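In what follows, a single structure is set out as structure tokens and then discussed.
The values are calculated or read from the model by the stated rules, or taken from the named source; none is laboratory data. Quick caveat, the model's predicted, so the values are computed rather than measured. So basically every Cβ, Gly included, is an ideal-geometry build from the backbone, and we count neighbours across all protein chains shown.
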Amino acid sequence: MSQTPTSILSVDQWVDDVLGNAKFNSPAAHASAYAPSNIALSKYWGKREVNFNLPVTGSVSISLAEHGTKTGLSVVDAPQHDITLNGEEVDASQSFAIKLSQWLDRVLPNNLKLRVDTYNTVPTAAGLASSASGFAALTLATNSLMGWQLPEHKLSALARLGSGSASRSLWHGFVKWQAGEQPNGSDSVAFLLKHQWPQLRVGLLTVSSQKKAVSSREGMARTIATSALYKQWPEQANSDLTVIETAIEAGDFETMAGTAENNAMSMHATMAAAWPPLVYWQPDSLTQMHKVWQLREQGLPLYLTMDAGPNLKLLFEAKHQSDVEVAFPEVQVITPFG
Ligand code: 2P0
């Protein structure tokens, strides 16, 4: 894997090129936007370039409908951005505030400061990808506040600068983020897949909603640097992406969900082989995983996927929803195409 030499300055240059004169538009008084969270069916784990946040492989996701982030923006006369999360002030020294402020300072005219009111309907930093919906909602709201009127692929690239998975959170439904080839990431963007699957259900099994100990960013870097198993990951991820995309088009649930589960297990095995070991699972995660596998052995077409956290996401179809709810009374069922 070649690391393209780039600098922070060239990211700023790219942003200026994308925004052009629109960067200096006068802001509206207020704007807000909503973006759904998303769950990758074929995962993004590893960056080929860190400044532009470019992935080693493409990925495909399903958006989580009403589970996401709503962000309101307004201009403030203050030395720094004023950020709230779920109604509470976020200290400027917190990593959440630092990441949001860095993104805003990169895209806004000099010295323009905003009040950013962020409401998450998913537990923050629990592996439910709140950074994905957070940066996607921030990107959409800023596009509206500043009157940029950018096309979707450019919004996707701007959201990616905040968080890779945010590039996929601009739409409802199945979304593919293509890895791209350009050093400045202009082709590393996501787009909506046409196929809809009204019968598809995603079940959230929350094992813990505590903030994770190792961020995805740090976890990816550690995995690439130390896990011998990472050598095989790009090939599998690319192959799984193709199989899942084809299965989505064919409406082949078992192939789609089975490949998604195997992709997640392979990602977690690759992480576990890092040093120090990177294991996001908790004992309860394993208990729930075994329960899924037992039910499947008994004939229930139920599959799981997991991200950088201890929680499970179940994949099943509407006709099995009541069976799943009986087996997992605490499950939160999402209808992605509701
Ligand atoms: C994904 N994850 O495809 C993968 C699977 C977690 C496991 O994207 O460093 O918050 O901000 O680009 O997007 C979570 O990582 O990481 C993630 P950054 P991000 O959904």
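Might you check whether a residue that is without any contact (Cβ under 8 Å) to a residue 40 or more places away in the chain and not charged (D, E, K, R) occurs anywhere in region 216-224?
For region 216-224, residues without any contact (Cβ under 8 Å) to a residue 40 or more places away in the chain and not charged (D, E, K, R): absent.
Find the residue count for region 248-295, including only residues that are of a type in the set (D, E, K, R), free of Cβ contacts under 8 Å to residues at least 40 places away in the same chain and either part of a helix (DSSP H, G or I) or within 16 Å of the ligand (Cβ to nearest atom) (or both).
Selection size over region 248-295: 1.
Report yes if some residue within region 296-314 is at pLDDT 95 or above and assigned to a helix (DSSP H, G or I); otherwise report no.
Yes, because at least one residue in region 296-314 is at pLDDT 95 or above and assigned to a helix (DSSP H, G or I).
Could you please find all residues in region 31-83 being away from the ligand (no atom under 16 Å from the Cβ), surrounded by 19 or more Cβ atoms within 10 Å (Cβ to Cβ) and assigned to a loop (DSSP other than H, G, I, E, B)?
Passing the criteria: only H81.
Can you name the number of the only condition in (1) over 22 Å from F96 (Cβ atoms); (2) part of a helix (DSSP H, G or I); (3) of a type in the set (D, E, K, R) that K176 fails?
Going through (1) over 22 Å from F96 (Cβ atoms); (2) part of a helix (DSSP H, G or I); (3) of a type in the set (D, E, K, R) one by one, K176 breaks only (2).
Out of all the residues in region 84-93, which are under 24 Å from V15 (Cβ atoms) and surrounded by fewer than 17 Cβ atoms within 10 Å (Cβ to Cβ)?
If the condition is that a residue be under 24 Å from V15 (Cβ atoms) and surrounded by fewer than 17 Cβ atoms within 10 Å (Cβ to Cβ), then A92 is the only one that fits.
Pick from region 227-248 the residues that are surrounded by 15 or more Cβ atoms within 10 Å (Cβ to Cβ) and more than 15 Å from S266 (Cβ to Cβ): which of them is nearest to the chain's Cα centre (by Cα)?
The selected residue is E245.
Looking at this structure, is V207 closer than 25 Å to V331 by Cα, assigned by TED's automatic domain parsing to the domain that holds L315 and of a type outside the set (S, T, Y)?
yes
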